[in-house]
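For reference, the structure is listed below as structure tokens.
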Amino acid sequence: MNPFREDLATRTAPDPCTIVIFGATGDLTHRKLIPGLYNLLHDGELPPTTRIVAFARREKTDEGFRQELEESNKKYSRQSHNDRLWQTFSQQIEYHQSTFEDKEGFSRLADRLKAYREKDGTVGNVLFYLSTAPDYFDDILIALKESGLAKAPKNAWARVIVEKPFGTDLPTAQHLNQVVNDTFEEADTYRIDHYLGKETAQNIMVLRFANAIFEPLWNNQHIDHIQITCAENMGMTGGRGAYYDTAGALRDMVQNHLLQLVSLIAMEPPADLSADGVRDAKVNVFKSLRHWVGAEEVGKNVVRAQYTAGSVDGIDAVGYRQEDRVPEDSKTEAYVALRCFVDSWRWDGVPFYIRVGKQLPKKATEISIHFNEAPSVLFHKSANQQVRKNVLVIRIQPDEGVSLRMLSKVPGPAVRMEPVKMDFRYKTSFGKASPEAYERLILDAMAGDATLFARRDEVEHAWRFIDEIEKAWHQSDSPPPVAEYPAGSWGPKEADTLLEQDGRVWRRL
Amino acid sequence: MSALGQPVEIAEIDSALRALWEEDNAATRASLTNFAIYSECDDCLEANTDVIAGITREHACRAILIASRPDAPKRSVKAWITAHCQLSGGQKSVCSEQVTFDLGQPSASLIRNIVFAHLDSDLPLVLWWQGAFTPVFDDRLYSLIDRLLIDSSTWENPAKEFETLATARDDSTSRFLLYDLTWSRLLPYRLATAGLFDHPAAASALSKVSALTITHPKNSRTEAAFLLAWLTTRSSWDASSCKASIKEDEKNEMTVHFTTPEGALTVTPTRDDGFLKSTVTLGRLTAEQIYPAGPSDTASIVARQLQSGGAHADYFETIVPHALKIIAT
Ligand SMILES: NC(=O)c1ccc[n+]([C@@H]2O[C@H](COP(=O)([O-])OP(=O)(O)OC[C@H]3O[C@@H](n4cnc5c(N)ncnc54)[C@H](OP(=O)(O)O)[C@@H]3O)[C@@H](O)[C@H]2O)c1
């Protein structure tokens, strides 16, 4: 251990390593990974001798590729682009041309890594980042195994970061997990869900477990229901329809990001803050999710929908089926609303309502905790029924923060009550911009901290829940219908009915 | 109206502040702390106002600025209020308020009362005591402080001031965390120096260091002494195997230089562009790394310190006594 590090450490120190990005000419690398690594260097967080190998198919020179990255770094970096720093940083990036199917390309990669070890005198830690379509994961992982690259040299580690989607259903996820775990130990596998890297998601645990006032109320005795909304005011621009139509909102957003938020809200206090302590607590939530089985149950609890033509942000918008690269007869949902139950002692009878969709009026991801009403004996006539409940809102993005709605007396001779809002906003209280989720997550993987990554069992349990719904939609004789909503509205009427049946309404955002 | 804002009567401060906020509907008032600065310097008010404006960019607070002039020809009390507003998200302005006091021949009790009377309730109190301690710094004051900022490199007699601090810290009524801005300023150097030994090939070089020299600009002898004290206390060198020293540099730069039988490890500032360069040259191996040199303006250093929080580990018990010895030689 470096003695000078001991009292400087504010977090587990990342180890020096080489990061091999598969699919490095892709969008994710340009927009997130390289700017993320650059920002880590900018903040002095990147350990010395960190090198980056960019693995992709097209013919490119190191210099040419670095220039491309420089352009995108100027555009996407959180902190200003500094030529001198970029110069140092980019010299550590080398382009490795090969296809994923080419064995010889992987053996050249092994030679390259060996040469780095000798030149830098490093032990040879390697972080493989699979930033490609999932169709290639098998090829890459098998090639890593066969070429011996997945086995770290003595005293070193070899880890893999896997990008979403982790499969398209339980069997494909299990297959993927099998292939990953045939090549890497589970402890060396980091399934990235960038929602978990967001400050606001990390703050959920702090809010719940570091404040004494919330946890005693955090159960079915005091909470009426919970809503999670993830709204986007975008359609299928930039050709994203091609991928999106094969996935749909349920698989693209609910299976991973939104169920992860449910698990953070619903989990019991973990035994400790270790990666497995936290993930054990989360996985218990996934295990307790009540499954909706069959077309009838799914029809009652889940609403799927597509947008029709409308208007968003003052601009005319086409319907989902008229979008670029979306088939005219597509049945893929661009919106889904569902009622879930976590069948545990704490949450018995408390519904979690989730809605997520494209072409909604605004972009916002928020969780709201709706508390029970106060006994109505004293003030029952004084407030409008809908606003009588206290609501705690956790805004995940944008405008990150937490607010609490409560009732207050309106000044005057009569007892009239109105809701008021106490609001904490990250931007006004902490001027400093939060690091990007990817920065935090890459650093965690380099430090061997998997707390903010999804474990195999979390992913598989989530798929079990999702698969039953997909099955009812696509494999039953009388599948629940695909509802419609005009682009720019807050979703289909059927979603409103879902809550009305329970005597509730969606929160107005 | 001066940079200090609008003059007010002491008794009117609270109502004037309320009026200030009611005037401007677009502004959001935000506060994470009470941030007070106490100084006995005659012409520091405007400079300190600039510092507070800088701090509020990243750290919303209620700022209380006190300039005390014990040698003023007569007793006087003047006060001003102002707001520092920053645009957030391009539209709404987020504002921190500042109350400024200029006190001629003040009594210790007046100063304490002024701090106590203008705190934003329930929020922690950060007090930056500029310069040497005076009798105002007594238990009734320091028992209220959550974090105390000092800047030991500005002290003429560090040993005496640290003794005052030790007494305050030992007092059972005190609970403040202590931050020395001199130490905060060294953080980039400490990170870059630690980074030298992160290099796998350099780890074993640590036990073979035969000389360690820190050069420093003319006015940074205290900083250099702290850095040397930190390096020597954290490593296990003894004086006979490793010659460790600080010396003034004619180029006015702070550099760290380790000598070993196989080569050298150095940290030097880069020219003009705000980075530190660490270089490891051991046998055939040469490796360089760039680190941010961190901000050089006081406001950013204070803001960074407030943001990172935590106690300065080991600083008071271990580093300070060692540094004082180095300064005394
Ligand atoms: N983009 C995002 O914002 C985002 C966000 C979250 C998750 N993700 C996930 O991240 C992953 C990557 O996304 P992306 O948008 O960066 O993908 P992309 O833009 O489609 O890039 C694909 C990359 O794979 C390479 N490639 C494809 N076939 C290859 C082969 N046979 N051999 C070698 N290289 C091959 C391409 O290299 P050439 O260019 O040389 O052909 C390119 O570098 C996906 O799993 C995606 O779901 C993306």
Using R₀ = 25 Å, calculate the FRET efficiency as 1/(1 + (r/R₀)^6) where r is the Cβ-Cβ separation of A:LEU378 and A:MET406; round to 0.05. 0.95
Residues in the range A:30-61 occluded by at least 20 Å² - accessible area, probe radius 1.4 Å, against chain by itself: A:LEU41, A:HIS42, A:GLY44, A:PRO48, A:THR49
May I have the convex hull volume per residue, in Å³, for the Cα set of the range B:2-180? 121 Å³
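Divide by every residue of chain B the summed helix terms, -39500 (n - 2.57) for each DSSP H run of at least 4, and state the resulting mean residue ellipticity at 222 nm, rounded to the nearest 500 deg cm²/dmol.
-9000 deg cm²/dmol
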Over all distinct alpha-carbon pairs, what is the Kirkwood Rh of the range B:184-292 in angstrom? 14.0 Å
Taking accessible area as the heavy-atom solvent-accessible surface of the protein chains with a 1.4 Å probe, which residues of the range A:428-468 lose no less than 50 Å² upon going from the isolated chain to the full protein assembly? A:THR428, A:SER429, A:LYS432
Can you give the extra length, in nm with one decimal, that the chain gains between B:LYS247 and B:ARG75 once fully stretched, where that is 0.36 nm per residue apart less the Cα-Cα distance? 57.4 nm
Cα centroid separation - the range A:1-67 against the range A:233-267, whole Å: 27 Å
The range A:289-384 - percent relative contact order, Cα under 8 Å, separation 6 or more: 23 percent
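Tell me, what is the per residue accessible area of the protein assembly as shown in Å², probe radius 1.4 Å?
Working: 36490 Å² over 838 residues.
Accessible surface, normalised per residue, equals 44 Å².
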Interchain or long-range residues, amide H under 5 Å from A:THR168's placed H: A:ALA173
Accessible-area order (highest first, 1.4 angstrom probe) of the listed residues B:GLU9, A:GLU163, A:GLU59: A:GLU59, B:GLU9, A:GLU163
Can you give the Kirkwood hydrodynamic radius for the range A:1-49, in Å, rounded to one decimal and based on Cα pairs? 12.6 Å
Taking 0.36 nm per residue of separation between A:ASP343 and A:ASN233 and subtracting their Cα-Cα distance, the length gained on full extension comes to 36.3 nm
Let me check against my output: what whole-number percent is the relative contact order of chain A, with C-alpha pairs under 8 Å and at least 6 apart? 18 percent
What number results when the radius of gyration of the range A:336-460, computed over Cα atoms, is divided by 2.2 N^0.38 Å? 1.43
With label points built 7 Å along Cα→Cβ from the Cα atoms of A:THR497 and A:ASP27, find their separation and express it in nm. 3.5 nm
Nearest 100 Å² is fine: what is the total accessible surface buried where chains A and B meet, probe 1.4 Å? 2900 Å²
Applied in sequence order to the range A:338-347, the curve 6.51 cos²θ - 1.76 cosθ + 1.60 (Karplus, θ = phi - 60°) yields integer Hz couplings, x standing for Gly and Pro, of 9, 9, 10, 10, 9, 7, 9, 4, 5, 9
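At a Förster distance of 45 Å, what's the computed FRET efficiency of B:GLN105 paired with B:GLU317, Cβ-Cβ distance as r, to 0.05?
Working: r = 38 Å, r/R0 = 0.85.
Efficiency for this residue pair is about 0.70.
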Hey, can you grab everything whose amide H is under 5 Å from the amide H of B:ILE64? Only 5+ residues off in sequence or another chain; H modelled, so Pro and N-termini drop out. B:PHE35, B:ALA36, B:ILE37, B:VAL99
Hey, if we sort B:ASP249, B:ASP273, B:ASP180 by accessible area with the 1.4 Å probe, largest down, what's the order? B:ASP273, B:ASP249, B:ASP180
Which far-off residues, 5 or more places away or on another chain, put their amide H under 5 Å from the one on A:THR365, with H placed in the peptide plane? A:ALA231, A:ILE396, A:GLN397
Can you give the mean number of other chain Cβ atoms that lie within 10 Å of the Cβ atoms in peptide B:50-62? 1
Summing -39500 (n - 2.57) over the DSSP H runs of n ≥ 4 in chain A and dividing by its residue number, what mean residue ellipticity at 222 nm do you reach, to the nearest 500 deg cm²/dmol? -10000 deg cm²/dmol
Assuming 0.36 nm per residue, please report the length gained on full extension of the stretch A:LYS471 to A:GLN322 beyond their Cα-Cα distance. 51.1 nm
Cα-based Rg then Dmax for the range B:115-216, in Å, read 18.7, 58
Give the shape of the range A:151-263 as rounded, prolate or oblate, defined through the alpha-carbon gyration tensor: a ≥ b ≥ c are the square roots of its eigenvalues, a/c under 1.5 means rounded, and otherwise the shape is prolate if a/b is larger than b/c and oblate if not. oblate
So, with points 7 Å from each Cα along the Cβ direction, the B:ALA203-A:HIS291 label distance in nm works out to 4.7 nm
Per 20 Å bin, what is the whole-percent P(r) computed from every C-alpha pair distance within chain A? 21, 53, 24, 3, 0
More than 26 angstrom apart: percent of Cα pairs within chain B: 54 percent
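Within the accessible area of the protein assembly as shown, what % is carbon and sulfur when the probe is 1.4 Å and the other protein chains stay in place? Don't jump to the answer; show the numbers that get you there.
Values: 18350 of 36490 Å².
Taking all protein chains in place, the protein assembly as shown shows 50 percent carbon and sulfur surface.
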Please find the FRET efficiency linking B:SER121 to B:THR154, where r is the Cβ-Cβ separation and R0 is fixed at 25 Å, and quote it to the nearest 0.05. 0.20
Could you work out how far the C-alpha centroid of the range A:145-207 sits from that of the range A:386-444, in angstrom? 33 Å
Quick check for you: which residues of the range A:139-182 have the amide N under 15 Å from the point 7 Å beyond the Cα of A:TYR243 toward its beta carbon? A:162-168
Of the candidates B:ASP139, B:ASP122, B:ASP50, which one comes out as most mobile in a Gaussian network treatment of chain B with C-alpha springs shorter than 10 Å? B:ASP122
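The values are calculated or read from the model by the stated rules, or taken from the named source; none is laboratory data. This is a predicted model, so every value here is computed, not measured. FYI the Cβ positions are ideal-geometry reconstructions off the backbone, even for glycines, and counts take in every protein chain you see. These area figures cover heavy atoms from the full protein model, side chains too; ligands, DNA and RNA do not enter into them. Shrake-Rupley method; radii C 1.70, N 1.55, O 1.52, S 1.80 Å.
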